[in-house]
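The values are calculated or read from the model by the stated rules, or taken from the named source; none is laboratory data. From a predicted model like this one, the values you see are computed outputs, not experimental measurements. Reconstructed Cβ throughout: ideal geometry from the backbone, glycine too, with neighbour counts over all protein chains shown. Keep in mind that these areas ignore ligands, DNA and RNA; they rest on the heavy atoms of the full protein, side chains included. Shrake-Rupley method; radii C 1.70, N 1.55, O 1.52, S 1.80 Å.
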Amino acid sequence: IEVLTDYANAFDDPGKGSTLAQKQYNDGAYVIFHAAGATGNGLIKEAKDRREAGEDVWAIGVDSDQALAYEGEPEENFIISSAIKGVGDSIFNSIRRHIDGELPYGEYEILGLTDGAVGLADNDIYQTVVPEDIRLAVIDAESKLLAGEVTVDSAYGMDEATLKGIIDGAQ
């Protein structure tokens with residue numbers, strides 16, 4: 001697997017998202033995952049246009065199940081899954097903890113899979129398109145994370161050289 005990396009440096013520029021998606025698809029990308037807010041809408045449009053032209057490409061959304069944002073539109077069929085952030089749940093829990101007098105102000109928390117703060121959209125498209133062996137591997141990885149057999153480091157508090165090494169190692 002070759003990982004291509006580009007940065008839009010914007011969260012509100014679908015045109016930039018489309019341009020970067022065109023570049024990556026032209027460079028041989030099969031699936032593009034964005035983490036760029038509304039800029040990613042350009043990726044989703046590009047995936048739709050290319051799929052309709054007969055290319056075998058996909059998009060992965062972010063924040064919520066983005067296929068639902070395009071429900072009833074052709075785009076929903078080309079978003080293979082989404083990385084889900086449970087922002088609403090974390091806000092609700094913070095408010096509840098504030099009301100209960102248990103919210104520690106001035107501190108940070110790292111929330112993850114065990115807290116229900118992140119996940120993967122397991123929708124009809126995912127179930128139909130992603131091969132069973134890969135879906136089972138995802139379930140296995142989630143189980144290992146939840147059991148504490150695998151840990152995920154956070155970039156929060158990581159020195160810049162270590163973080164750069166991780167980024168460079170993924171390319």
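Have a look at the DSSP beta bridges in the chain and tell me what percent are antiparallel, nearest 5. All intermediate terms of the calculation are to be shown ahead of the outcome.
On the way: 3 of 11 bridges.
So the antiparallel bridges in the chain amount to around 25 percent.
Near the amide H of residue 82, under 5 Å away, which other amide H atoms are found, from residues 5 or more places off or on another chain, if H is placed in the peptide plane?
Counting only residues 5 or more places away or on other chains, the set is 61, 121.
Strictly over 18 Å apart at the Cα level, which of 16/48; 85/164; 85/144 would you flag in this model?
85/164; 85/144
Note the full-extension length gain between residue 12 and residue 107 as 0.36 nm times their separation in residues minus their Cα-Cα distance, in nm to one decimal.
31.2 nm
Using the basic label-point model (7 angstrom from Cα toward the beta carbon), what is the residue 115 to residue 87 distance in nanometres?
Taking the simple label geometry, residue 115 and residue 87 are separated by 1.5 nm.
Normalised by the number of residues in the stretch 5-155, what is the relative contact order in percent for Cα pairs under 8 Å and 6+ residues apart?
On the way: 197 pairs, mean separation 24.1, N = 151.
That works out to 16 percent.
I'd like the carbon and sulfur percentage of the solvent accessible area for the stretch 99-171, probe radius 1.4 Å, heavy atoms only, ligands and nucleic acids excluded.
Working: 3060 of 5620 Å².
Summing carbon and sulfur atoms, their accessible area is 55 percent of the total for the stretch 99-171.
Please calculate how many Å² of accessible area the chain carries per residue, with a 1.4 Å probe and no DNA, RNA or ligand atoms counted.
On the way: 11140 Å² over 171 residues.
So the chain comes to 65 Å² accessible per residue, rounded to a whole number.
Extension gain residue 124-residue 150, at 0.36 nm per residue separation less the Cα-Cα distance, in nm? Display every interim value, and only then the final one.
Working: separation 26, 0.36 × 26 = 9.36 nm, distance 2.80 nm.
6.6 nm is the gain from fully extending residue 124 to residue 150.
I'd like the FRET efficiency for residue 135 and residue 160, computed as 1/(1 + (r/R0)^6) with the beta carbon distance as r and R0 of 41 Å, rounded to 0.05. Write out the running numbers ahead of the final one.
On the way: r = 36 Å, r/R0 = 0.88.
Here the calculated transfer efficiency is 0.70.
Running a GNM on the chain with Cα contacts under 10 Å, which residue among 161, 35, 117 ends up with the highest mean-square fluctuation?
Looking only at 161, 35, 117, the biggest GNM fluctuation is shown by 161.
Go through the stretch 82-171 and name the chymotrypsin sites (Phe, Trp or Tyr not before Pro) that are in a DSSP coil and have 14 or fewer other Cβ atoms within 10 Å of their Cβ.
Working: sites: 92, 105, 108, 126, 156; in loops: 105, 108, 156.
Answer in residue order: 105, 108, 156.
Quick one: Karplus J couplings for the stretch 80-89, per residue in order, coefficients 6.51, -1.76, 1.60, θ = phi - 60°, nearest Hz, x for Gly and Pro?
Karplus-based 3J(HN,Hα) across the stretch 80-89 equals 5, 5, 8, 7, 9, 10, x, 4, x, 5 Hz.
Can you give the Kirkwood hydrodynamic radius of the chain from its Cα pairs, in Å with one decimal?
18.0
If I model a spin label at residue 22 and residue 100 as a point 7 Å from the Cα along the Cα→Cβ vector, what separation in nanometres do I get?
Result for the modelled spin labels: 5.2 nm.
GNM on the chain, C-alpha springs below 10 Å: top fluctuator among 89, 122, 159?
Among 89, 122, 159, the largest mean-square fluctuation in the Gaussian network model of the chain belongs to 159.
Among 46, 142, 132, determine the one that fluctuates most according to a GNM of the chain built with springs between C-alpha atoms less than 10 Å apart.
132
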